[in-house]
Amino acid sequence: MAHLRPGARGAPAAARAIASPSTTYRLVLAYDGTDYHGWQSQPGARTVQGTLTDAARRAFGPDARVTGASRTDAGVHALRQTVSLGARVTLAGAAVRGALNAALPRDVRVLEAREAPAGFDARRAASGKRYAYLLDTGPIASPLLRRFAWHVPWALDLAAMRAALAPLRGRHDFAAFCAAPGREKDPVCVVRAIHVLRRRDRVAILLSADRYLHHMVRNLVGSVLDVGRGARAPGWLAGVLAGRDRTRAGPTAPAQGLALVRVLYPR
């Protein structure tokens, strides 16, 4: 195999690496999902997975494949999305990260890259995920948060919101908070933790669970806001959960306030 000299113009990272059987890398990504039609590749749509796959194939060759741990919706962000990358190269993690970031747009960044055991699958190996939903409760919407928070200029009763969400911890059927496209799936999820935090005019709703239904977090946020602004009593949310009827729950919160915080794996 002819070797290109380091730094040769137009030389992809794969051309500077030793040809090898496919190597699996574990990546951690952050992205601003505003201008993407979600994570999953779709024909004719700009997606994060499609963008990352294009970058990986430019850098490492046409056999590169990427699998994400979570299928975030259109407009949803990620602080730490875990991805498995298969490529026929042998490179250090730092070189993989650098090559991908050089080929990616600025609203998608590879934060970490390291070689993973053969067969590692970011989605199948995951044991849970953490999400955060950010609310901007100031009287005037912050222009710096317009892509990352839902502006709700209401006085919110956080104690009532916490009381409403408490019965949702544990193993439950969350069909009442599932969008129509996901209702064919098993509706049982295990919610390990729910927190409502405030810092000045910012309120964050944090959720950790083993799995999620389509629009589950956004539907929970829209529902608990009805409690926070006094339109519903705290006990109403537990009744909605037990009823398993989506029409009884609150509205779906907009996508821009939601971010995947972390993907969890067994130790």
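Hey, any hits in the range 152-170 for a residue that's surrounded by fewer than 16 Cβ atoms within 10 Å (Cβ to Cβ), of a type outside the set (D, E, K, R) and at positive phi?
Among the residues of the range 152-170, at least one is surrounded by fewer than 16 Cβ atoms within 10 Å (Cβ to Cβ), of a type outside the set (D, E, K, R) and at positive phi, which makes the answer yes.
Of these, Arg146, Arg106, Arg114, which one is assigned by TED's automatic domain parsing to the domain that holds Tyr212, modelled with pLDDT of 95 or more and surrounded by fewer than 19 Cβ atoms within 10 Å (Cβ to Cβ)? Write out each step before concluding.
Working: Arg106 fails: assigned by TED's automatic domain parsing to the domain that holds Tyr212; Arg114 fails: assigned by TED's automatic domain parsing to the domain that holds Tyr212.
One residue alone meets the criteria, Arg146.
Residue by residue through the range 51-75, note down the ones that are in contact with a strand residue (DSSP E or B) (Cβ under 6 Å, 6 or more places away or on another chain), assigned to a loop (DSSP other than H, G, I, E, B) and within 25 Å of Pro266 (Cα to Cα).
Ala69, Ser70, Thr72, listed by residue number.
All but one of (1) of a type in the set (Phe, Trp, Tyr); (2) at pLDDT 95 or above; (3) out of contact with any helix residue (DSSP H, G or I) (no Cβ under 8 Å at 6 or more places or on another chain) hold for Tyr131; state the number of the condition that does not hold.
Failed condition: (3).
Tell me the residue from Leu207, Leu220, Leu213 that is in a loop (DSSP other than H, G, I, E, B), assigned by TED's automatic domain parsing to the domain that holds Thr252 and buried (at least 18 other Cβ atoms within 10 Å of the Cβ), please.
Unique residue meeting the criteria: Leu213.
Of the residues Arg262, Arg246, Arg267, Arg232, which single one is basic (Lys, Arg) and touching a Cys at 6+ places or on another chain (Cβ under 8 Å)?
Arg246
Could you check, for the range 196-212, whether at least one of its residues is more than 23 Å from Arg147 (Cα to Cα), in contact with a helix residue (DSSP H, G or I) (Cβ under 7 Å, 6 or more places away or on another chain) and modelled with pLDDT of 95 or more?
Scanning the range 196-212 turns up no residue that is more than 23 Å from Arg147 (Cα to Cα), in contact with a helix residue (DSSP H, G or I) (Cβ under 7 Å, 6 or more places away or on another chain) and modelled with pLDDT of 95 or more.
Yes/no matrix, rows are residues, columns are (1) at pLDDT 95 or above; (2) of a type in the set (Lys, Arg); (3) over 29 Å from His215 (Cβ atoms):
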residue	(1), (2), (3)
Arg46	yes, yes, no
Gly50	yes, no, no
Ala69	yes, no, no
Ala95	yes, no, yes
Leu100	yes, no, yes
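I'm trying to understand the selection: among the residues of the range 171-200, which are surrounded by fewer than 16 Cβ atoms within 10 Å (Cβ to Cβ) and not in a strand (DSSP E or B)?
Of everything in the range 171-200, those that are surrounded by fewer than 16 Cβ atoms within 10 Å (Cβ to Cβ) and not in a strand (DSSP E or B) turn out to be Ala179, Ala180, Pro181, Gly182, Arg183, Glu184, Lys185, Asp186, Arg200.
Looking at Gly250 and the list (1) within 27 Å of Ser84 (Cβ to Cβ); (2) surrounded by 17 or more Cβ atoms within 10 Å (Cβ to Cβ); (3) more than 13 Å from the chain's Cα centre (by Cα); (4) of a type outside the set (A, V, I, L, M, F, W, C), which single condition is not satisfied?
Going through the list (1) within 27 Å of Ser84 (Cβ to Cβ); (2) surrounded by 17 or more Cβ atoms within 10 Å (Cβ to Cβ); (3) more than 13 Å from the chain's Cα centre (by Cα); (4) of a type outside the set (A, V, I, L, M, F, W, C), Gly250 breaks only (1).
Regarding Gly86, is this residue more than 28 Å from Leu206 (Cβ to Cβ), of a type outside the set (A, V, I, L, M), crowded, with 20+ Cβ neighbours inside 10 Å and within 22 Å of the chain's Cα centre (by Cα)?
Yes, satisfied.
Is it fair to say Arg218 is out of contact with any strand residue (DSSP E or B) (no Cβ under 9 Å at 6 or more places or on another chain) and at pLDDT 95 or above?
Working: out of contact with any strand residue (DSSP E or B) (no Cβ under 9 Å at 6 or more places or on another chain): no; at pLDDT 95 or above: yes.
So Arg218 does not fit the description; no.
The values are calculated or read from the model by the stated rules, or taken from the named source; none is laboratory data. As the structure is a computational prediction, the values presented were derived from the model and not from experiment. We place every Cβ from the backbone using ideal geometry, glycine too, and count neighbours over all the protein chains shown.
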